[in-house]
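What follows is a short report on a single structure.
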Amino acid sequence: MKHLQTGVLIAATLSAGLMAGLFAAFAYAVMPGLAKSSDHTLVEAMQNINKAILNPAFMLPFMGAIPLLGLAVVLAWRGHGRSALPWLIAALVLYLVAFMVTSGVNVPLNDQLARAGDPAHAGQLAAVRADFENKWVMWNTVRALLHTAAFACLVWALFVHGAHQPNESRHTGASARTPAPVFHTGHPPFAQHPQESQPHCAPFASPAPGPEAGTRA
């Protein structure tokens, strides 16, 4: 059970870390770079990114982190490492909120951008960009912060879980070394009985001659 819990916790931490890094990179590198580009470049780049990102390398950690976090919470509740449980619950809540931001705001904006069509033939690209860019950037920053906070909670939960293991091992080892109780029957061992000194009886001897015997002699 402890090995399963550790493995699930590591997998959840890696998944959350990958998502935090991805959305943070959009916040501090991708979108600031595209902000300096033309309307055509931004619309075309984001349309292509939104298509390319739908692959197993993204979907597996993005969707898989939720069941992994749920399983980590259940294992911590039912098994070892309850000291990490509050951090796991916090990470799960933060990740779910970030997931709702993505599915409720960023994905609809991506779909809206896709409906604009090919930027080479679409008109009013400036209006398409204005309806998309600022709102998408703001909510991407929000979800990046939420994912980063969830990742930080998981890192700390992993640390607490690891620190808890040696304490349990020492407690188990001490219990194993505890000597079995000795049940006393109330009778001390035979070896502890001192030998009682017995009086030595002198062999039978004739009585000492008395005065009468001397007179008869």
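The values are calculated or read from the model by the stated rules, or taken from the named source; none is laboratory data. The model shown is predicted, which means the values in this text are computed figures rather than measured ones. Please note: Cβ atoms are built from the backbone with ideal geometry, for glycine as well, and neighbour counts cover all protein chains shown. The area values use the complete protein model at the heavy-atom level, side chains included, leaving out ligands, DNA and RNA. Shrake-Rupley method; radii C 1.70, N 1.55, O 1.52, S 1.80 Å.
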(request) Select from the range 84-121 the residues that are of a type in the set (S, T, N, Q) and over 33 Å from the mean Cα position of the chain (by Cα) and write down the one among them that is least open to solvent (accessible area, probe 1.4 Å). (result) ASN110
(message) Here is a list: VAL137, VAL73, VAL97. Which entry is among the β-branched types (Val, Ile, Thr) and out of contact with any Leu (no Cβ under 6 Å at 6 or more places or on another chain)?
(response) VAL137
(request) Could you tell me whether any residue of the range 37-46 is surrounded by fewer than 17 Cβ atoms within 10 Å (Cβ to Cβ) and outside any helix (DSSP H, G or I)? (result) yes
(message) Six or more apart or on different chains, Cβ atoms under 8 Å: show the pairs whose first residue is in the range 84-112 and without any contact (Cβ under 8 Å) to a residue 40 or more places away in the chain and whose second is among the acidic types (Asp, Glu).
(response) GLN112/ASP131
(request) Select from the range 118-165 the residues that are under 20 Å from ALA35 (Cα atoms), without any contact (Cβ under 8 Å) to a residue 40 or more places away in the chain and part of a loop (DSSP other than H, G, I, E, B) and list them in ascending order. (result) ASP118, GLY123, GLN124
(request) Pull up the range 1-30, narrow it to residues that are among the aromatic types (Phe, Trp, Tyr) and in contact (Cβ under 8 Å) with a residue 40 or more places away in the chain, then point me to the one that is surrounded by the most Cβ atoms within 10 Å (Cβ to Cβ). (result) PHE23
